[in-house]
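The values are calculated or read from the model by the stated rules, or taken from the named source; none is laboratory data. The structure displayed is predicted, hence computed values, not measured ones. Neighbour counts run over all protein chains shown; Cβ positions are idealised from the backbone, glycine included. Quick note on the areas: whole protein, heavy atoms, side chains included, nothing else; ligands and nucleic acids left out. Shrake-Rupley method; radii C 1.70, N 1.55, O 1.52, S 1.80 Å.
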Amino acid sequence: MSTSSVMRPGSVALVTGASSGIGQAVAEDLIEAGLRVICLGRSQEQLGKLFGMRDDSALPLALDVTDADFAERLESALPKGWREIDILIASAGSDVGGRRRFNEGVIEDWAQTIDTNVTGLMRVCHALLPAMLERGRGHVVTLGSVAGLYTYSGSAAYAPSKHAVHAFTDSLRKDFPDAPVRITEIMPGLVRTGFAAARHKGDTAKAEAWYDDSPGYLSAQDVSASVMFALSQPDNVNIAQILVMPTGDK
Ligand SMILES: NC(=O)c1ccc[n+]([C@@H]2O[C@H](COP(=O)([O-])OP(=O)(O)OC[C@H]3O[C@@H](n4cnc5c(N)ncnc54)[C@H](OP(=O)(O)O)[C@@H]3O)[C@@H](O)[C@H]2O)c1
């Protein structure tokens, strides 16, 4: 039976958004599977707490995906032995100031959502894909959302950002139909993470109430299981998209 050429002990993966939620769960599962993981977020302190004591299996690295110098900063920050990145999990994303009507929101918040979720995600892919193509192996997994398929009131920036991730990921896969680099989009429904607290700018009580009032939600580990499924397929199988919903969601 053929296997994945990148999902192997010792392979290097880079996970954006590793300091919380889905990215953190995927980083932990990859480390558990024997990979070496570059864990990205904006807070070195938080990343250090989560991944600082893992010897050679994790490299916590504070980088902002909205930074125009992202590629240069990444290149200069990576020590020898961490530069051949075979797997990218693009999980960093937010909906800061969202879930309110467009006119009631702040334009800087709407713009930040687009900048992080769309431009930031493209920036990270642009930084890593060329070397994957050159080496002839790689797997890029983007975190889209069910909000990439439909909209709801209060999603004026988030839904367009995830529609863009959906179109971008599909277009990217079509750019390289014959290349040995696979491209996957994971589209979760509601996941109980730090996402709602970030949306409400640190108001955790509001965030917890939101999850408690929801008919159902996934855990970050549930979503990571879908990511690991896509990564573990043999090289001739490209899981293009996975829509993963909590039971009970209509
Ligand atoms: N939770 C859900 O219901 C849900 C559903 C569908 C899809 N998703 C998607 O899944 C992905 C992960 O969300 P989550 O639920 O895990 O949320 P989360 O717990 O809030 O985690 C978001 C992560 O993104 C990082 N991040 C945000 N802005 C960043 C930036 N500019 N540069 C670098 N890192 C940044 C955060 O780290 P710092 O703030 O420390 O930088 C954090 O590690 C997102 O793309 C989200 O849109 C979530």
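Ignoring ligands and nucleic acids, what accessible area does Thr66 show with a 1.4 Å probe (Å², nearest 10)?
40
Quick check: at a probe of 1.4 Å, how many percent of the accessible area of the chain sits on carbon and sulfur atoms?
Carbon and sulfur: 52 percent of the exposed surface of the chain.
With all protein chains present, calculate the accessible area of Glu108 using a 1.4 Å probe and round the result to the nearest 10 Å².
120
With label points built 7 Å along Cα→Cβ from the Cα atoms of Arg135 and Ala111, find their separation and express it in nm.
3.7
Can you list the lysines whose alpha carbon sits under 28 Å from that of Lys49, skipping same-chain ones fewer than 8 residues off?
Lys80, Lys201, Lys206
Which value in nm describes the separation of the simple spin-label points at Lys174 and Arg54, placed 7 Å from the Cα toward the beta carbon?
3.6
What's the FRET efficiency of Asn103 with Leu149 using the Cβ-Cβ distance as r and R₀ = 25 Å, to the nearest 0.05?
0.50
Relative to the first principal axis of the alpha-carbon coordinates of the chain, what is the inclination of helix 21-32, with its axis defined by its Cα atoms, in degrees from 0 to 90 and to the nearest 10?
Helix 21-32 and the main axis of the chain meet at about 20 degrees.
Determine the per residue accessible area of the chain with all protein chains present and a 1.4 angstrom probe, expressed in square angstrom.
Using a 1.4 Å probe on heavy atoms only, each residue of the chain averages 47 Å².
Return the long-range amide H neighbours of Ser11 (sequence gap of 5 or more, or a different chain), with a cut-off of under 5 Å between placed amide H atoms.
Arg36
Please give the per residue volume of the convex hull enclosing the alpha carbon atoms of the chain, rounded to a whole number of Å³.
Cα convex hull per residue, to the nearest whole number: 125 Å³.
So for Lys49, Lys162, what's the accessible-area order with a 1.4 Å probe, most first?
Lys49, Lys162
Leaving ligands and nucleic acids out of the surface, order Arg192, Arg100 by accessible area at 1.4 Å, largest first.
Per-residue accessible area, sorted high to low, gives Arg100, Arg192.
Quick one: 3J(HN,Hα) in Hz for segment 171-179, Karplus 6.51/-1.76/1.60 with θ = phi - 60°, rounded, Gly and Pro as x.
5, 4, 4, 6, 5, 10, x, 9, 7
Take the Cβ-Cβ distance between Asp69 and Asn238 as r, set R0 to 30 Å, and report the resulting FRET efficiency rounded to the nearest 0.05.
Result of the calculation: an efficiency of 0.40.
Rolling a 1.4 angstrom probe over the protein chains, ignoring ligands and nucleic acids, what is the accessible area of Met122 in square angstrom, nearest 10?
80
Pull up all non-local amide H partners of Leu243: gap of 5 or more, or a different chain, and H-to-H distance under 5 Å with H placed in the peptide plane.
The answer is Met187.
What is the sum of charges around Gly34, taking Lys and Arg as +1, Asp and Glu as -1, for the other residues whose C-beta is under 14 Å from the C-beta of Gly34?
-3
Pick from Arg101, Arg54, Arg36: which residue has the top mean-square fluctuation in a GNM of the chain where Cα pairs under 10 Å get a spring?
Among Arg101, Arg54, Arg36, the largest GNM mean-square fluctuation belongs to Arg101.
What does the charge add up to near Ser4, with Lys and Arg as +1, Asp and Glu as -1, over the other residues with Cβ less than 11 Å from its Cβ?
Once all neighbours under 11 Å are counted, the net charge is +1.
Can you tell me how much longer the chain between Asp249 and Asp213 gets when fully stretched, taken as 0.36 nm per residue apart minus their C-alpha distance, in nm with one decimal?
Between Asp249 and Asp213, full extension yields 11.7 nm more.
Express in whole angstrom the spacing between the alpha-carbon centres of segment 147-225 and segment 1-78.
19
Cβ neighbours within 10 Å, averaged per peptide: list 87-99, 128-140 in order, most packed at the top.
87-99, 128-140
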